[in-house]
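Beneath this line is the structure, given in structure tokens, with notes to follow.
The values are calculated or read from the model by the stated rules, or taken from the named source; none is laboratory data. Just so it is clear, the structure is predicted and the values come from calculations on it, not from any experiment. Counting neighbours? That spans all protein chains shown, and the Cβs are built from the backbone with ideal geometry, glycine included.
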Amino acid sequence: MTDPALAHAATQITAAQAGVPVIAAFFDEPTFTVTYVVHDPATLRAAVIDSVLTFDSASGRTSHEAADRVIAHVQEAGLHVDWHLETHAHADHLSAAPYLQQKLGGKIAIGAHICTVQETFGKLFNAGSDFQRDGSDFDQLWKDGDTFLIGELSVTVLHVPGHTPACVAYVIGDAVFVGDTMFMPDYGTARADFPGGDARTLFRSLRRLLELPPQTRLFMCHDYLPEDRGHYVWETTVAEQRRANIHAHDGITEDEFVAMRESRDRTLPVPRLILPSVQVNMRAGHLPPPEGNGVSYLKLPVNQL
């Protein structure tokens, strides 16, 4: 294996005790998003991955229904949150990281290529010179191969672009939190037609993740129900993805994947919450600064997407 970051992640997975870290999943059905609380049983140190701020697009109101379930779990389990980890700047839900940080402490982190996303969408939303495009709204920016600890648990960060330029996967113990790079085997893979997305790059990120040991646990950021499945699921393995992923199983070539992905993406609607989500998530989950009347406004660029 000539990929140093991946080799480190594979060694970490092989060395990890099976079933560690401890993982609690919270599914938000309105956005089909899974938030994870991941903790080290030896120290009770924890991370929250891809949290959800409840948002009603008709009224423009936010609430904390989904996030409060996470807080209740953390408090009941006696956990100490060190990190709020984002796999990317989501286009389908608003992040609750600042709210959770206020209530639980911890630092907000994302991949270093968020600066590319900020530059692109800062222009789209005409965010002005007050909007920093250097990632400084986040407490930590990760590069490919970065490592850190959650208690005594080893974590390796893998840059897996294609869905967006800033996508990262978190390898925590023997588990990998893949963001939107892939879905459950019967649903396939993420779209690659957002600004900065690329189907060929996505394929290479997928194959990189699928080079990890076969027993590696994979945790999805979303689940959508295919017609022949009646319940939501979000955990699988490298071996199962390589065997059965409908878009990216072993034997699918890069050119075949790109042709499929680009053709399919042309048929997909724009995500319902992309405009509010991205302009909040590019700011680490913070709303745009209040205007002179004390109110924060979310912009709706016309005829731009």
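Summary of values
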| read-out | value |
| --- | --- |
| Count - residues of segment 141-150 that are of a type outside the set (A, V, I, L, M, F, W, C) and without any contact (Cβ under 8 Å) to a residue 40 or more places away in the chain | 2 |
| Complete set of residues in segment 194-208 that are of a type in the set (S, T, N, Q) and within 15 Å of the chain's Cα centre (by Cα) | S205 |
| Candidate set: segment 118-163, residues that are of a type in the set (S, T, N, Q) and more than 19 Å from V176 (Cα to Cα); chosen: the one surrounded by the fewest Cβ atoms within 10 Å (Cβ to Cβ) | S129 |
| Extreme residue, nearest to H163 (Cα to Cα), among residues of segment 259-305 that are of a type in the set (K, R) and surrounded by 11 or more Cβ atoms within 10 Å (Cβ to Cβ) | R261 |
| Residues of segment 37-52 that turn out to be farther than 18 Å from P98 by Cβ and buried (at least 24 other Cβ atoms within 10 Å of the Cβ), as a count | 2 |
| 2 or more residues touching a strand residue (DSSP E or B) at 6+ places or on another chain (Cβ under 6 Å), under 26 Å from C115 (Cβ atoms) and at pLDDT 95 or above: qualifying helices (runs of 4 or more DSSP H) within segment 212-305 | 274-281 |
